[in-house]
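The values are calculated or read from the model by the stated rules, or taken from the named source; none is laboratory data. Everything numeric in this text was worked out from a predicted model, so none of it was measured. Cβ atoms come from the backbone with ideal geometry, glycine included; neighbour counts cover every protein chain shown.
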Amino acid sequence: MCDTSKGAHRMEEIMKKKALAFAMAAMMAASLTACGGSSKETTAAQTEAAATEAAESAEDTSTEAEETEAAETEAAGGVLIMATNAEFPPYEYHDGDSIVGIDAEIAAAIAEELGMELEIEDIAFDSIIPEIVSGKADMGLAGMTVTEDRKQSVDFSDTYAKASQMIIVKEDSEIAGPDDLAGVIVGVQLGTTGDIYVSDLEAEGTTVERYNKGFEAVQALSQGKIDAVVIDGEPAKTFVSETEGIKLLDEAFTEEEYAIAVKKGNTELLDKINAALKTLDENGTLDEIVAKYIKAE
Ligand code: GLN
């Protein structure tokens, strides 16, 4: 991007002292033109227009400078809003009145690194990206898999966990691996990568049942309403351990990676998040958080 803010700011000061000199306007016009990447010749009319624009932009710049300052003050003690779906143990889930889990703790550690206060917004999984796009939330931590499709809507941080989609079936099921999912009824959580990839099997006669919560899919499986559930490995382990009569298949359906989503183009926040993640990785905090929630097998 072309940065004229410093020049414009200097301009503003000069203009406060003197009336707008034609020579300066011509200079500004030339710099504006250069900035736009155009090599067109500057006519007198354009120069005049540029002079007006320069005066206006000098005003704009002072407001912008104030806004940037305000944003910086906010970053040094403001609120960092995390959007998540707290139905995804051990990454995020309810424990009494609080939302706990790996993502919740990573977010808290990032907020601490940034000197900000963390606020967690618990919403439907498929509302997280829209919430970030609209700017209502600053970042999404939700065991969110990086996909090319999602990259069209949001920017992702460096990845912080490896994950996989796993298959849960009844203990006596004949389904033994991903190939056996063709033609059966598979439960998924709406809008997740499990949903996306299993939906590809619809062409092979698979029926996809979409639930708002992963655990609802698991309940439907244990009640015999569906044949299998495809869901992320860690919540799968948690749900299987809490439910009688179901088991996790060994073979993963997909391999994926989790990252933090931010509004597209918000490089300022993204850089801060990545720097914080790096610190938390290097000082062992990330490992500690994971070890607290995922016991080594
Ligand atoms: N990892 C999956 C995805 O990103 C599921 C995440 C979730 O359900 N919270 O789609």
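The C-beta contact set for the stretch 131-143 (first residue within 19 Å of residue 193 (Cα to Cα) and in contact (Cβ under 8 Å) with a residue 24 or more places away in the chain, second residue of a type in the set (D, E, K, R) and within 14 Å of the ligand (Cβ to nearest atom), distance under 6 angstrom, 6+ apart or interchain) comprises 141/103; 143/232.
Inside the stretch 76-106, residues that are within 18 Å of residue 124 (Cα to Cα), surrounded by fewer than 24 Cβ atoms within 10 Å (Cβ to Cβ) and touching a residue at least 60 places away in the same chain (Cβ under 8 Å) make up a count of 3. Taking the stretch 76-122 only, how many residues are part of a loop (DSSP other than H, G, I, E, B) and within 16 Å of the ligand (Cβ to nearest atom)? Of the residues in that region, 6 qualify. Being within 12 Å of the ligand (Cβ to nearest atom), loosely packed, with under 15 Cβ neighbours inside 10 Å and more than 24 Å from residue 220 (Cα to Cα) is a condition met by at least one residue of the stretch 134-152.
For the stretch 167-182, state whether one or more residues are part of a helix (DSSP H, G or I), closer than 27 Å to residue 104 by Cβ and modelled with pLDDT of 95 or more. Looking for residues that are part of a helix (DSSP H, G or I), closer than 27 Å to residue 104 by Cβ and modelled with pLDDT of 95 or more, one finds none in the stretch 167-182, hence no. Just one of the listed residues (225, 247, 295, 213) is closer than 20 Å to residue 82 by Cα and surrounded by fewer than 18 Cβ atoms within 10 Å (Cβ to Cβ), and it is 213.
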